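The values are calculated or read from the model by the stated rules, or taken from the named source; none is laboratory data. Note that the structure is predicted; figures quoted are calculated from it, not measured. Cβ: placed from backbone, ideal geometry, glycine included. Neighbour counts: every protein chain shown. Keep in mind that these areas ignore ligands, DNA and RNA; they rest on the heavy atoms of the full protein, side chains included. Shrake-Rupley method; radii C 1.70, N 1.55, O 1.52, S 1.80 Å.
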Amino acid sequence: MTTYETLEVSRDGPVLHVRLNRPDVRNAFNGVVVDELQVAFRAADDDDEARVVVLSGNGKSFSAGADLGWMREQADLPKDENAKSADHMARTFLTIARCKKPVVGRIHGHALGGGTGLTAAVDMAIATEDCMFGLTEVKLGIVPAVISPFVMQKIGAGRARALFLTGERFDGREAQRIGLVHRAVAVEQLDAAVDQAVGELLTAGPAAVASAKELIRAVDGKTLEDAIPVTSNWIAELRATPEAKEGFAAFLEKRKAGWIR
Ligand code: COA
């Protein structure tokens with residue numbers, strides 16, 4: 001397995017753990033973290049044994065967002081290099097969002113700026129009720145540009161208007177209420193809640209889970225009428241796959257499907 005400077009990556013059976021590992025700076029991410037996240041999530045795509053990825057942060061906080069020392073350095077670069085570095089960061093968020101495996105976020109402590117962005121980029125985030133979120137960029141004289149599409153996909157433009165403009169902080173309960181996180185739980189229940197989410201994903205057919213992720217992209221934004229050719233073809237193809245045949249047979253024969261260990 002690749003060795004990383006700013007991440008801890010390990011696999012426990014079918015679960016790949018990617019842990020941000022700069023606890024001294026609350027897992028703020030610099031260029032190395034951005035590079036390594038992209039490498040780790042591309043490797044997750046290609047890892048046939050990995051069925052679920054869990055993204056978390058070591059230490060007191062999930063992530064304090066972009067490393068502000070690094071941000072300042074990027075601003076001093078020639079214009080094209082500055083733009084290239086921002087494009088690379090955006091593509092890293094995209095690699096996480098588009099990961100072929102479902103991605104569960106374990107979010108605790110603080111998830112500010114890009115930390116809120118990473119929370120939005122995963123498929124299902126499980127947060128502590130007291131975790132502090134915020135699109136705090138305006139407090140620093142910038143905007144949550146790169147992360148905006150990921151955050152807005154989860155919370156919508158209406159809520160973004162208040163949160164992007166004020167930069168106000170909000171807790172995990174509010175993050176759940178606005179759809180940024182899937183569940184908010186007490187701190188002592190966080191690991192059990194993450195395990196439960198992972199367990200649900202592992203009892204689902206792996207190809208079906210990957211297909212479900214693509215289906216959402218394919219249907220999102222379509223009218224009900226325009227969705228029909230997409231969705232009818234989709235189920236026609238899916239129900240003829242070996243995995244679907246095994247799923248139907250397992251149910252009818254009152255046994256567990258082959259993918260459940
Ligand atoms: N970039 C660079 N360094 C950061 C950082 C960031 N985004 N966030 C925290 N750090 C560093 C601090 O400078 C401090 O370094 P030091 O020990 O050398 O002084 C260290 O991490 C610990 O931070 P500290 O503020 O002492 O910890 P805390 O637990 O009291 O507070 C936060 C944690 C996350 C609430 C606070 O650090 C914070 O508000 N960070 C900025 C978050 C932000 O606005 N992010 C948006 C970026 S676009």
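Regarding the stretch 12-32, can at least one residue be identified that is exposed (fewer than 14 other Cβ atoms within 10 Å of the Cβ), more than 11 Å from the ligand (Cβ to nearest atom) and either farther than 24 Å from residue 131 by Cβ or without any contact (Cβ under 8 Å) to a residue 60 or more places away in the chain (or both)? The answer is yes; a qualifying residue exists.
Can you tell which of 83, 64 is open to solvent by 30 Å² or more (accessible area, probe 1.4 Å), within 16 Å of the ligand (Cβ to nearest atom) and either more than 20 Å from residue 98 (Cα to Cα) or aromatic (Phe, Trp, Tyr) (or both)? After applying the criteria, what remains is 64. The set of residues from the stretch 45-61 being within 15 Å of the ligand (Cβ to nearest atom) and open to solvent by 60 Å² or more (accessible area, probe 1.4 Å) comprises just one member, 60.
For the stretch 204-243, enumerate the residues that are closer than 30 Å to residue 109 by Cβ and part of a loop (DSSP other than H, G, I, E, B). Selection gives 204 alone. Do we find a residue being among the small types (Gly, Ala, Ser) and under 24 Å from residue 94 (Cβ atoms) anywhere in the stretch 226-248? There is at least one residue in the stretch 226-248 that is among the small types (Gly, Ala, Ser) and under 24 Å from residue 94 (Cβ atoms).
Could you go through the stretch 126-133 and let me know if any residue there is open to solvent by 30 Å² or more (accessible area, probe 1.4 Å), within 14 Å of the ligand (Cβ to nearest atom), over 14 Å from the mean Cα position of the chain (by Cα) and not assigned by TED's automatic domain parsing to the domain that holds residue 216. For the stretch 126-133, residues open to solvent by 30 Å² or more (accessible area, probe 1.4 Å), within 14 Å of the ligand (Cβ to nearest atom), over 14 Å from the mean Cα position of the chain (by Cα) and not assigned by TED's automatic domain parsing to the domain that holds residue 216: present.
Is at least one residue of the stretch 140-153 buried (at least 21 other Cβ atoms within 10 Å of the Cβ), assigned by TED's automatic domain parsing to the domain that holds residue 28, within 21 Å of residue 44 (Cα to Cα) and touching a strand residue (DSSP E or B) at 6+ places or on another chain (Cβ under 6 Å)? Among the residues of the stretch 140-153, not one is buried (at least 21 other Cβ atoms within 10 Å of the Cβ), assigned by TED's automatic domain parsing to the domain that holds residue 28, within 21 Å of residue 44 (Cα to Cα) and touching a strand residue (DSSP E or B) at 6+ places or on another chain (Cβ under 6 Å), which makes the answer no. Selection over the stretch 161-189 of residues that are of a type outside the set (A, V, I, L, M, F, W, C), under 19 Å from residue 122 (Cα atoms) and open to solvent by less than 90 Å² (accessible area, probe 1.4 Å) gives a count of 6. Are any of the residues in the stretch 67-79 within 12 Å of the ligand (Cβ to nearest atom), assigned to a loop (DSSP other than H, G, I, E, B) and of a type in the set (D, E, K, R)? Yes: one or more hits.
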